[in-house]
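The values are calculated or read from the model by the stated rules, or taken from the named source; none is laboratory data. The structure displayed is predicted, hence computed values, not measured ones. Neighbour counts are summed over all protein chains in view; Cβ atoms, including those assigned to glycine, are modelled from backbone coordinates with ideal geometry.
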Amino acid sequence: MSPVSIRSLVRETALYGISGVVARSMGLLLLPVLSNLLPPEEFGHYKLAYVLIGLLQLFLVFGMGNSLVRYLIGAADKRLVFSSHFWPLLAISTLGSLAVFLSAGSLSAVYFAEPLPGDAGLIRLAALILWFDSLSTLPYSLLRAENRPLAYVSGMSLQVVIYAILVVYLLGARHSGMTGVLIANAVGSGAVLIFFIPLLKNNLSAAFDSRAFRIYFAFGFPIIFSSLGKNLLDLADRWILDRLMGAAVVAYYSAGYQLAAVANLAVAAFTLAWKPFLVRAAAEKGARETFARIMTLTIVALCLLFLLISFFADNLVKLSFFGYHLIQESYWPGLRVIPVVMVSYIFYGAYINLSVGCDLKGRTDYYAWTTGAAALFNIAANFILIPPLGMLGSAWATLFAYLLQVALLYYLTRRLYPVTYEWAKLLRLGVLTGLCFAGAVLSGSSAPAELLFSVLFLAGLFAFRIMDRQVLRGLFSLLRRTTAGEE
């Protein structure tokens, strides 16, 4: 595998990440609005509404996005492949969203532990967002399969900009509460679907291949359960916290989690580029060595991100803009969960790298088994750890679940598609990261100490031979090429 291939993966990850960075940055910038203008209980219900959207969307999309990326690359009739994915998704997502909309009253009474006025309207708006986002899944997947990250970024950026503008207007000027947040999201999601209409017209036909769809469904259906497990890993703790400690604690926990989820964003951006990349790269000479190297680089990046966010998040949230902190002061107890949650996402990055064999050999059922087991463990651990540890118990439950998930996938795939990973480097990296974090904490977590240990981490990467000068030169070369706009 040539260095150019790895550079292309890094470049595509960065480009896909731009949209996520914009989305996450908007979320962070809106935290002063949300945390200062929404009571904690409403903030908690707004977050719980997104838990519901995330869970239901898995069943309405039923793995078709992943299947399209897998089977569109190299297909002779791409319109037929796209159409055979789109028409079933349209039917299922429409019926499912309509069912949620019509049952909003009874569903809200069961779903929220402590009902608030407007909960039924929240569920109806969630159903609308669910429908828009489900129909946008395949256009986004098409752009990934065709290696068009700039168009992908454009669609995502359009959604978050509209969302941000409307949130500020509806909460700040119209005082619309939690309902206003979901109205803003619905308008943004609808705008993206309109944006994708030309793409749909160019790639959609009335044709449908039922025999091919059975293959697509067999590939995509197990992903429902792996994605369900991933959502339960990330989101079920909010629902359990709501039941055990109340919606206000959900709000505090979610505020801290949102800062830590920058690492999840990085892994998600990598995943978008990684899935098409590994299909193309597997046929090239030295592919297994390349996959091993990418694992190391991924974990290096996530460890650096872990240190930076863990060290400086508290300083970030205390910044004041027009008299408002980034997060309202009453939400600051949620910052305690950041380091634990970020370590969870380091393990998630390893899990994505271990997925090579599953995708290449068509064993997507392994995702369902490993993620499902981790999700069940996470739910049980939440019920056990929340009573003595509070919201920090949820964070630790998530970490242990991700560790279990990685161990299970490695065990299942080591013979399916064996890759000799750079275990010695990864061990040295873990020790280096732990020492730098512990050193900063023992030094009183002062800003100078945190900055010092961040620099020591970067130096240690080369001192402990985790990274080498060739990698550094390659990254600088990529930066120059990207800045110059070179493909």
- Scan of the stretch 333-380 for residues that are of a type in the set (Ser, Thr, Tyr) and under 23 Å from residue 307 (Cα atoms), ordered by number: 344, 345, 348, 351
- Task: May I ask you to verify whether residue 228 is modelled with pLDDT under 80, under 26 Å from residue 109 (Cβ atoms), hydrophobic (A, V, I, L, M, F, W, C) and surrounded by fewer than 23 Cβ atoms within 10 Å (Cβ to Cβ)?
- Result: yes
- Take residue 254 and decide whether it is over 28 Å from residue 461 (Cβ atoms) and crowded, with 21+ Cβ neighbours inside 10 Å. yes
- Note on the structure: Note on residue 116: of the conditions (1) out of contact with any Leu (no Cβ under 9 Å at 6 or more places or on another chain); (2) not in a helix (DSSP H, G or I), unmet is (1)
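Condition check ((1) in a helix (DSSP H, G or I); (2) over 29 Å from residue 251 (Cα atoms)) across all residues:
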position	(1), (2)
378	yes, no
407	yes, yes
411	yes, yes
419	no, yes
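Just to be sure, is residue 76 among the hydrophobic types (A, V, I, L, M, F, W, C) and surrounded by fewer than 17 Cβ atoms within 10 Å (Cβ to Cβ)?
Spelling it out, residue 76 is indeed among the hydrophobic types (A, V, I, L, M, F, W, C) and surrounded by fewer than 17 Cβ atoms within 10 Å (Cβ to Cβ).
May I ask you to say which residue of 121, 65 is over 19 Å from residue 254 (Cβ atoms), at pLDDT 90 or above, crowded, with 20+ Cβ neighbours inside 10 Å and out of contact with any Asp or Glu (no Cβ under 9 Å at 6 or more places or on another chain)?
Details: 121 fails: crowded, with 20+ Cβ neighbours inside 10 Å.
Going through 121, 65 in turn, the sole match is 65.
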- Qualifying position, being of a type in the set (Gly, Ala, Ser) and over 19 Å from residue 232 (Cβ atoms), among 76, 49: 76
- Task: Examine the stretch 316-337 for a residue that is part of a helix (DSSP H, G or I), touching a strand residue (DSSP E or B) at 6+ places or on another chain (Cβ under 7 Å), farther than 30 Å from residue 421 by Cβ and not charged (D, E, K, R), and state whether such a residue exists.
- Result: yes
- List the pairs whose first member sits in the stretch 111-131 and is β-branched (Val, Ile, Thr), whose second member is in a helix (DSSP H, G or I), and whose Cβ atoms are under 6 Å apart, counting only residues at least 6 apart or on separate chains? 123/104; 123/107; 123/108; 129/53; 129/185; 129/186; 129/189
- Message: Residues to consider are 187, 153, 192; find the one that is more than 22 Å from residue 69 (Cα to Cα), under 24 Å from the mean Cα position of the chain (by Cα) and assigned to a helix (DSSP H, G or I).
- Response: 187
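Yes/no per residue for (1) modelled with pLDDT of 95 or more; (2) surrounded by 20 or more Cβ atoms within 10 Å (Cβ to Cβ); (3) within 21 Å of the chain's Cα centre (by Cα):
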{"residue": "370", "(1), (2), (3)": "no, yes, yes"}
{"residue": "412", "(1), (2), (3)": "no, no, no"}
{"residue": "420", "(1), (2), (3)": "no, no, no"}
{"residue": "427", "(1), (2), (3)": "yes, no, no"}
{"residue": "447", "(1), (2), (3)": "no, no, no"}
- Message: Criterion first (out of contact with any Asp or Glu (no Cβ under 7 Å at 6 or more places or on another chain), surrounded by fewer than 18 Cβ atoms within 10 Å (Cβ to Cβ) and not charged (D, E, K, R)) does residue 186 satisfy it?
- Response: no
